[in-house]
1. Looking at residue 211, is it part of a helix (DSSP H, G or I), modelled with pLDDT under 70 and not assigned by TED's automatic domain parsing to the domain that holds residue 62?
2. Please identify the pairs in which a residue from segment 106-123 that is farther than 16 Å from residue 178 by Cβ has its Cβ atom under 6 Å from the Cβ atom of a residue that is surrounded by fewer than 19 Cβ atoms within 10 Å (Cβ to Cβ) and modelled with pLDDT of 85 or more, counting only partners at least 6 apart or on another chain.
3. Among (1) at pLDDT 90 or above; (2) at positive phi, there is one condition residue 72 misses while meeting the rest; what is its number?
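The values are calculated or read from the model by the stated rules, or taken from the named source; none is laboratory data. These numbers come from a predicted model, not from an experiment. Cβ: placed from backbone, ideal geometry, glycine included. Neighbour counts: every protein chain shown.
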Amino acid sequence: MRTFSELKKIFTEMCKVFTEKGSIIVERLKGCDVLEDSQIVELFFERSEQALTELSEKYEKSCSKMAMNILGNREDVLECLNDSYLALWNKIPPQRPENLKYYFYRIVRNNAIKRFRSNTAKKRYGCYDISFQELEECIPSERNMPDSELLSEVITGLLNSFLEKQNTVDRIIFVRRYYFCDSIAEISEKVNLTENNISVKLSRMRKRLKSHLQKEGIDI
């Protein structure tokens with residue numbers, strides 16, 4: 001049985017996979033009169049507070065939803081977003097992200113995970129821990145891979161290759177469940193499949209992931 005801390009480490013690696021490889025599937029933002037990401041980045045370089053306003057209008061709704069799925073508490077989500085805005089303000093400049101959306105998503109999610117870990121110690125759980133429980137059956141134990149750096153490299157590469165082999169719908173379902181921590185009902189609505197179909201697909205994908213890792217010599 002893997003410990004909770006082991007699963008958190010693995011799940012953090014999944015975060016890297018989904019962001020770095022562009023596998024995150026997000027809803028398209030509706031509406032017009034919003035700045036391009038490159039224009040928002042320029043506002044950051046000008047140290048204009050309008051950059052934060054534009055960023056908020058464009059991405060706060062989806063980021064709030066992701067943070068809420070992890071934290072399950074509105075007050076924590078607001079604090080997480082405030083920390084993330086400040087972090088982004090301090091990072092740009094000097095950094096100039098090529099993809100502002102994924103860059104900000106990663107900051108928000110990492111901050112949400114840090115706050116979740118603190119809340120876990122206080123017995124305040126969001127639905128993030130449910131994802132750990134579901135993935136426990138197909139993720140290698142740290143005891144089987146004592147080298148944490150090797151674990152990170154191997155898991156990152158194998159998750160990438162696994163996701164690339166899935167069809168588009170399955171990939172969306174997997175990412176929405178295990179990156180954004182969406183509920184089965186929410187995923188069902190997004191992809192227009194029944195909740196039972198979503199549950200079955202997730203179960204089958206976890207089995208395929210386990211088989212994929214075992215074929216690559218990973219002891220589950």
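1. Answer is no for this residue.
2. Between residues of segment 106-123 that are farther than 16 Å from residue 178 by Cβ and residues that are surrounded by fewer than 19 Cβ atoms within 10 Å (Cβ to Cβ) and modelled with pLDDT of 85 or more, the close pairs are 107/87; 111/83.
3. If we test residue 72 against (1) at pLDDT 90 or above; (2) at positive phi, just (1) comes out false.
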